[in-house]
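The values are calculated or read from the model by the stated rules, or taken from the named source; none is laboratory data. Just so we're clear, the structure is a prediction, and the values are computed from it rather than from any experiment. Heads up, the Cβs are rebuilt from the backbone with ideal geometry, glycines too, and the neighbour counts pull from every protein chain shown.
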Amino acid sequence: MTDQLTPNAIGRDVARADGPLKVLGAAPYAYDQPLTDPLYLCTVDATVVRGRVAGVDASAALAMDGVELVLTHENAPELSTEDGELRVLQSPEVHFRGQVVAAVVATTTEVAAAAAGAVVVTYDTEPFAVTAGSDPAGLHAPEKVNAGYPTDTDDGDLDAAVAAAAFTVDEEYTTARTHNNPLEPHTTVATWTGGDLHVFEASQSVFGARRVLAGVFGLDPERVRVTCPYVGGGFGSKGSPHAGAVVTVMAARMLPGRSVKFALTRRQMFRLVGYRPRMTQRVRLAAAPDGTLTGVGVDVVQESARIKEYAEQTAVAARMMYAAPNRRTSHRLALLDIPVPTWMRAPGEAPGMFALETAIDELAARVGIDPIALRVRNEPERDPATGKPFSSRHLVDCLHEGADRFGWYDRDPRPRSRRVNGWLVGYGVAASTYPAYRMPANSAVVRYTADDRYRVEIGASDLGTGAWTALAQIAADALGVPQDSIDLAIGDTRLPRATVAGGSSGTASWGTAIVEAARAFRDKFGRTPEPDDEVFADAPENTAAKDFALHGYGAQFAEVRVHEDTGEIRVPRLYGMFDAGRVINPRTARSQLVGGMTMGLSMALHEDSVMDTALGHTANPDLGEYHIAANADVHEIRADWLGIPDERLNPMGSKGIGEIGITGTAAAIANAAHHATGVRVRELPITLDKFL
Ligand code: MOS
């Protein structure tokens with residue numbers, strides 16, 4: 001523990017501070033604001049894939065009692081953005097099926113929905129392309145991929161390494177389109193008063209939402225306030241506002257002084273808030289006779305929207321996971337007439353580690369060595385991607401310790417070697433990784449109120465993951481006071497600036513600002529402050545990122561059963577051992593890691609947004625047909641951690657834990673399925689037909 005922190009609250013298994021409020025219904029989510037005479041918005045969504053709105057007849061809607069406004073491209077205010085996703089109602093063009101082409105505002109949700117249904121929209125249509133194979137324009141190379149990584153890399157000579165290798169893998173791996181489905185759909189409540197805008201927005205970043213909305217509406221950010229103290233999940237889709245927020249703010253602008261509310265339906269969640277795009281990865285591995293890697297190559301082809309480029313950083317994990325002198329990666333996009341994709345839990349690493357870690361398992365089988373031994377043999381001394389030393393890297397410890405606790409070496413490594421009552425049983429392993437980000441531009445205020453109480457302010461967001469709790473623990477240790485002396489304030493742009501609850505960076509970024517403010521407070525006022533003594537501090541720069549490669553690691557183990565006759569697949573056991581630095585709160589941390597692994601299981605076995613190529617939209621846009629792992633699908637899932645702090649990363653010594661749990665899970669399950677059956681599944685989800 002650094003000298004800035006007194007270990008007391010950090011590391012304690014504390015129940016969620018916001019738990020009782022949520023259970024009582026007393027935690028106000030964005031949509032839950034008590035407002036005077038609010039109005040309700042309902043959108044009219046395009047029923048064609050590509051073309052133009054030829055006409056809108058709103059007369060029947062406008063004649064209905066309670067209808068205040070029908071918004072179309074003909075009367076919509078002009079927006080100051082070039083963002084193809086956010087340019088709502090700026091032209092008659094239709095770019096994907098389900099795009100917002102009009103909106104109705106009325107005094108009740110029922111009237112709004114009925115009136116939206118009464119708006120008659122006619123279209124001129126054009127031919128469209130909605131799958132990568134149908135893209136007539138060919139592939140597009142993005143300038144960068146998500147999070148600012150280079151699109152392509154080329155070190156050494158991969159082709160020569162493959163040609164000279166004793167063992168190779170050259171396979172294609174496909175991951176499905178999957179949709180973020182937080183329990184709370186996206187909601188916006190907007191009110192204009194004079195020239196000032198106040199928005200309650202279901203968001204992972206109130207400051208990010210303010211920046212985007214201020215930009216779209218051409219406002220000084222100081223005149224925009226965004227509030228969101230509680231969030232019902234997001235998985236990345238609430239990282240930045242989408243079309244629904246823009247149309248709601250737009251409608252409110254035309255109804256000054258009135259509050260306009262909009263909540264997306266579950267079906268709209270499948271077209272208006274982003275998703276993980278479908279992609280195919282060609283993975284090439286080259287190895288010496290003993291399994292030492294001489295080459296690693298990953299070429300990604302990903303679907304994206306024609307109106308806004310989104311490129312996942314799918315191959316970046318392959319750049320740093322294993323030592324190999326010859327490495328080549330590339331990312332290409334098929335730009336299609338489909339909704340705009342976005343971040344979904346571990347964008348890049350989640351699909352990337354499915355492909356890489358399945359390929360590594362295939363290589364181990366070809367070389368004839370244990371897949372853990374193969375990984376250990378190829379452990380790099382330094383980060384192959386940057387040449388920097390790792391700040392800390394305990395992957396090998398995760399593999400060894402995890403293998404012991406899972407009982408890995410109980411297995412007969414031959415495929416199809418174990419049967420129990422008609423079920424083929426297999427074990428699989430895969431590595432996990434995720435960058436340990438810490439964002440700049442975070443600040444905090446510490447104020448002594450009275451009676452040994454401290455108010456700690458930062459405009460952070462709690463996705464439901466535990467920030468309300470973990471930040472209070474960090475503040476308590478930084479001030480050297482009990483946790484129940486802390487009154488935390490988050491989720492409002494009136495508080496000090498804070499970065500997104502995303503990239504698994506929240507706790508590290510906000511916690512660093514809080515520790516800095518607490519230190520400054522103690523320096524200035526000592527241990528006997530007066531009421532209203534207050535300090536504002538900016539988080540120091542993340543200098544470690546210049547000199548070190550910063551990542552978290554893990555090893556995941558799966559036991560899989562595949563029915564010999566039907567091909568049904570079950571996962572009775574998942575075990576993860578993580579290198580997650582110092583854990584702030586074991587309860588919320590375990591929930592994050594187990595939650596990520598559960599989502600990884602869901603990605604492996606269930607989730608698949610099926611493209612209807614005739615109609616050009618998702619054929620299964622609801623929770624009845626888009627299956628997310630439910631209780632009956634999840635048996636024993638356990639997550640543990642090594643607990644080795646990395647104090648270069650931040651004063652807490654913690655690594656992010658929100659996303660690493662979903663990385664590698666699908667590969668561990670696919671690898672276990674191969675061990676059970678001898679069948680190698682390279683296309684997610686792993687459904688029963690793939691074993692027959
Ligand atoms: Mo996460 S996909 O960075 O919310």
Practice task
For region 268-275, state whether one or more residues are surrounded by fewer than 24 Cβ atoms within 10 Å (Cβ to Cβ), more than 16 Å from the ligand (Cβ to nearest atom) and assigned to a loop (DSSP other than H, G, I, E, B).
Solution key: no
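Here is a yes/no grid of residues against (1) of a type in the set (Ser, Thr, Tyr); (2) assigned to a loop (DSSP other than H, G, I, E, B); (3) away from the ligand (no atom under 16 Å from the Cβ):
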| residue | (1), (2), (3) |
| --- | --- |
| Arg590 | no, no, yes |
| Leu593 | no, no, no |
| Thr598 | yes, no, no |
| Ala604 | no, no, yes |
| Glu625 | no, yes, yes |
| Asp640 | no, no, yes |
| Leu649 | no, yes, yes |
| Ile657 | no, yes, no |
| Ala668 | no, no, yes |
Problem - Flag if Thr265 is in contact with a Ser or Thr (Cβ under 7 Å, 6 or more places away or on another chain) and not acidic (Asp, Glu) - result: no
Practice task
Answer with yes or no whether Ala116 is assigned by TED's automatic domain parsing to the domain that holds Pro256 and either more than 30 Å from Leu41 (Cα to Cα) or in contact with a Cys (Cβ under 6 Å, 6 or more places away or on another chain) (or both).
Solution key: yes
Completion exercise
When restricted to Thr153, Thr81, Thr131, the only residue touching a helix residue (DSSP H, G or I) at 6+ places or on another chain (Cβ under 8 Å), closer than 30 Å to Gly297 by Cα and either in contact (Cβ under 8 Å) with a residue 60 or more places away in the chain or of a type in the set (Gly, Ala, Ser) (or both) is Thr153
Handout entry: Top-ranked residue in region 159-215 [being β-branched (Val, Ile, Thr), in contact with a Ser or Thr (Cβ under 7 Å, 6 or more places away or on another chain) and more than 23 Å from Val88 (Cα to Cα); ranked as farthest from the ligand (Cβ to nearest atom)]
Key = Val162
Fill in the blank from the handout: Here the residues within region 633-692 that are surrounded by fewer than 21 Cβ atoms within 10 Å (Cβ to Cβ) and acidic (Asp, Glu) are Asp633, Glu636, Asp640, Glu647, Glu683, Asp689
Exercise for the section: Determine if region 342-350 includes at least one residue that is out of contact with any Lys or Arg (no Cβ under 8 Å at 6 or more places or on another chain), of a type in the set (Asp, Glu) and surrounded by 20 or more Cβ atoms within 10 Å (Cβ to Cβ). Expected result: yes
Problem - Pairs where the first residue, in region 390-403, is more than 10 Å from Asp646 (Cβ to Cβ) and the second is part of a helix (DSSP H, G or I), C-beta under 7 Å, 6+ apart - result: Val396/Val376; Leu399/Ile372; Leu399/Arg375; Leu399/Val376; Ala403/Ile372; Ala403/Tyr409
Handout entry: Identity of the residue in region 337-378, more than 20 Å from Ile662 (Cα to Cα) and within 27 Å of the chain's Cα centre (by Cα), that ends up farthest from the ligand (Cβ to nearest atom)
Key = Asp337
Completion exercise
Among Asp397, Asp410, Asp404, the single one that is surrounded by fewer than 20 Cβ atoms within 10 Å (Cβ to Cβ), modelled with pLDDT under 95 and in the same structural domain as Arg638 (by TED's automatic domain parsing) is Asp410
Problem - Exclusive hit being more than 24 Å from Phe217 (Cβ to Cβ), free of Cβ contacts under 8 Å to residues at least 40 places away in the same chain and more than 29 Å from the chain's Cα centre (by Cα), set Ser91, Ser59 - result: Ser59
Practice task
Considering only region 530-559, state which residues are of a type outside the set (A, V, I, L, M, F, W, C), touching a strand residue (DSSP E or B) at 6+ places or on another chain (Cβ under 9 Å) and surrounded by fewer than 20 Cβ atoms within 10 Å (Cβ to Cβ).
Solution key: Glu530, Pro531, Asp532, Asp533, Glu534, Asp538
Exercise for the section: Mind checking which strands (runs of 3 or more DSSP E) fall wholly inside region 163-257 and carry at least 1 residues that are in the same structural domain as Gly348 (by TED's automatic domain parsing) and surrounded by fewer than 22 Cβ atoms within 10 Å (Cβ to Cβ)? Expected result: 167-175
Practice task
Look through region 304-336, keep the residues that are surrounded by 24 or more Cβ atoms within 10 Å (Cβ to Cβ) and charged (D, E, K, R), and return whichever of them is nearest to the ligand (Cβ to nearest atom).
Solution key: Glu312
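Listed here are the residues, each with its yes/no results for (1) more than 28 Å from Ala118 (Cα to Cα); (2) at pLDDT below 95.
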position: Thr2; (1), (2): yes, yes
position: Asn8; (1), (2): yes, yes
position: Gly25; (1), (2): yes, yes
position: Thr36; (1), (2): no, yes
position: Ala46; (1), (2): no, no
position: Ala58; (1), (2): no, no
Practice task
Using the structure shown, decide if Tyr575 is part of a loop (DSSP other than H, G, I, E, B) and of a type in the set (Ser, Thr, Tyr).
Solution key: no
